[in-house]
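The values are calculated or read from the model by the stated rules, or taken from the named source; none is laboratory data. Quick caveat, the model's predicted, so the values are computed rather than measured. All Cβ positions, glycine included, derive from the backbone under ideal geometry; neighbour counts span all protein chains shown.
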Amino acid sequence: MRGYLVLEDGAIFQGEVFGARKEVLGEVVFATGMTGYQESLTDPSYCGQILVSSYPLIGNYGVNKHDHQSDRVQVWGYAVKERCTHPSHRDCESTIDQFLAKDSVPGIYGIDTRALIRKLRNSGTMKGGIGTADPSDLLEKIKRMEHPENSNLVARVSTNSIQTRGGGRSKTVAILDCGVKSDILLELSKRFNVIQLPFDTPEQDVRDLKPDGIFITNGPGNPAHPEMLSTTVATLRGLKEDFPMMGICLGHQLLSLMFGAKTYKLKFGHRGINQPVKLEDRVYITSQNHGFAVDEDSAKDAGLEITVTNLNDGTVEGMRHRTLPIFSVQFHPEAHPGPTDTSFLFDRFKKMLERT
């Protein structure tokens, strides 16, 4: 069935629809990487977005039961150059088409993704939509739609109840879940008893659990959204003097905001598995998925030390507080997809808790 991907500036990309046959609106973003589409599609940080893959062939190894990063497809739409209908892999359980359809997520293939991504790089991410009706009608809906970031997307992907994982470890970590990936939970469970909490858990409720440390996860949307400032950031501000903390991605931004730094929206974000960063005079290739960054000058004014820098554009990729046992990174040390070269950061967090 013929379909269209339309951008808010009026650009139209014609292709064929797959997955769920329905219309969807969202923010159109792109990600690089030859592999890892299953992990990206199930990453809660993509909530509210229509994802475009830069690699031209998607679905060639199908979908398996091992690589999910959450319990469903989290992107709102998916755009690819070519989707494979006959995948080949020993663990394959379904095609990419079936995978999207199961969770009622629409996709479009056959469009010129190279031209689309170059446009997004030049103009920045923008609102867009996927549909099969008249593209001019779709454009009008896109122009009228509220940007997904204006709502609290974290509330859509955070857990609704307290959950415990693991047992028998010497230290316990409370996770403020802003849209946690499964492999973050896996890495933490290898080292700690884990208590997974809703993002808006009040300070006293966290204290009552008597954790040894606090971990703040990845997640979607604007870190400076008023609801995030009044809940997660306020909770962290009340706890910061008494608990070691580590944050990843959105968690990095929320910790920085808690100390008084500022965040800003990147032109087209960092989404992929090949982002170079400099950490302690060594270069690491990292997995990333974010559209906002911490302002460097405001972070320094807030008493934070910049520990990691993105080598492509010089943006802040990590910080630590000068006196408190608190640190964070913008990239994903658990990877999935991408290299796991920086997984040692979870061990640093463990040693930090053992010293306190």
* **Residue list for region 291-301, restricted to those being buried (at least 19 other Cβ atoms within 10 Å of the Cβ) and either without any contact (Cβ under 8 Å) to a residue 60 or more places away in the chain or on the phi > 0 side of the Ramachandran plot (or both)** => ALA293, VAL294, ALA299
* Scanning for something more than 23 Å from LEU345 (Cα to Cα), crowded, with 19+ Cβ neighbours inside 10 Å, out of contact with any Pro (no Cβ under 7 Å at 6 or more places or on another chain) and polar (S, T, N, Q), does region 218-237 turn up at least one residue? -> yes
* To do: Could you grab me the full set of residues in region 302-333 that are under 23 Å from the mean Cα position of the chain (by Cα), crowded, with 17+ Cβ neighbours inside 10 Å and part of a loop (DSSP other than H, G, I, E, B)?
  => THR315, GLN330, PHE331, PRO333
* Asked: List the pairs whose first member sits in region 86-99 and is surrounded by fewer than 15 Cβ atoms within 10 Å (Cβ to Cβ) and acidic (Asp, Glu), whose second member is part of a loop (DSSP other than H, G, I, E, B) and modelled with pLDDT of 95 or more, and whose Cβ atoms are under 9 Å apart, counting only residues at least 6 apart or on separate chains?
  -> ASP91/TYR61; ASP91/GLY62; ASP91/ASN64; ASP91/ASP67; GLU93/GLY62; GLU93/ASN64
* Asked: Residues in region 194-206: is at least one in contact (Cβ under 8 Å) with a residue 60 or more places away in the chain and aliphatic (A, V, I, L, M)?
  -> no
* Would a scan of region 81-94 turn up a residue that is in the same structural domain as MET34 (by TED's automatic domain parsing), in a strand (DSSP E or B), touching a Pro at 6+ places or on another chain (Cβ under 8 Å) and farther than 12 Å from GLY19 by Cβ? -> yes
* Identify all residues within region 259-298 that are in contact with a helix residue (DSSP H, G or I) (Cβ under 6 Å, 6 or more places away or on another chain) and of a type in the set (A, V, I, L, M); write none if there are none. => ALA261, VAL294
* Asked: Can you find even one residue in region 343-356 that is over 19 Å from the mean Cα position of the chain (by Cα) and closer than 22 Å to GLU39 by Cα?
  -> yes
* Asked: GLU27: buried (at least 17 other Cβ atoms within 10 Å of the Cβ), closer than 20 Å to PRO148 by Cα and in the same structural domain as ARG114 (by TED's automatic domain parsing), yes or no?
  -> yes
* Structure fact -> Exactly one of GLY59, GLY33, GLY10 is in the same structural domain as GLY110 (by TED's automatic domain parsing) and surrounded by 20 or more Cβ atoms within 10 Å (Cβ to Cβ), and that residue is GLY59
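Residue-by-condition table, conditions (1) at pLDDT 95 or above; (2) on the phi < 0 side of the Ramachandran plot:
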site	(1), (2)
GLY77	yes, yes
CYS84	yes, yes
ARG121	yes, yes
LYS127	yes, yes
ILE130	yes, yes
MET145	yes, yes
GLU149	yes, yes
ARG165	no, yes
GLY168	no, no
* Structure fact -> The one condition GLU39 fails out of (1) surrounded by fewer than 23 Cβ atoms within 10 Å (Cβ to Cβ); (2) assigned to a helix (DSSP H, G or I) is (1)
* Do the conditions hold for HIS68, that is, is it outside any strand (DSSP E or B), under 29 Å from ASP183 (Cβ atoms) and touching a Phe, Trp or Tyr at 6+ places or on another chain (Cβ under 8 Å)? -> no
* Filter result (closer than 18 Å to ASP297 by Cβ, free of Cβ contacts under 8 Å to residues at least 60 places away in the same chain and either touching a Gly at 6+ places or on another chain (Cβ under 9 Å) or among the small types (Gly, Ala, Ser) (or both)) within region 319-338 -> ARG322
* **Answer residue from region 277-290, given it is farther than 11 Å from VAL308 by Cβ and touching a residue at least 12 places away in the same chain (Cβ under 8 Å) and is surrounded by the most Cβ atoms within 10 Å (Cβ to Cβ) among those** => ASN289
* Asked: Which is β-branched (Val, Ile, Thr), within 18 Å of PRO220 (Cα to Cα) and assigned to a strand (DSSP E or B), of VAL17, VAL6, VAL73, VAL28?
  -> VAL28
* Asked: Based on what the data block shows, is SER158 among the hydroxyl-bearing types (Ser, Thr, Tyr) and surrounded by fewer than 17 Cβ atoms within 10 Å (Cβ to Cβ)?
  -> no
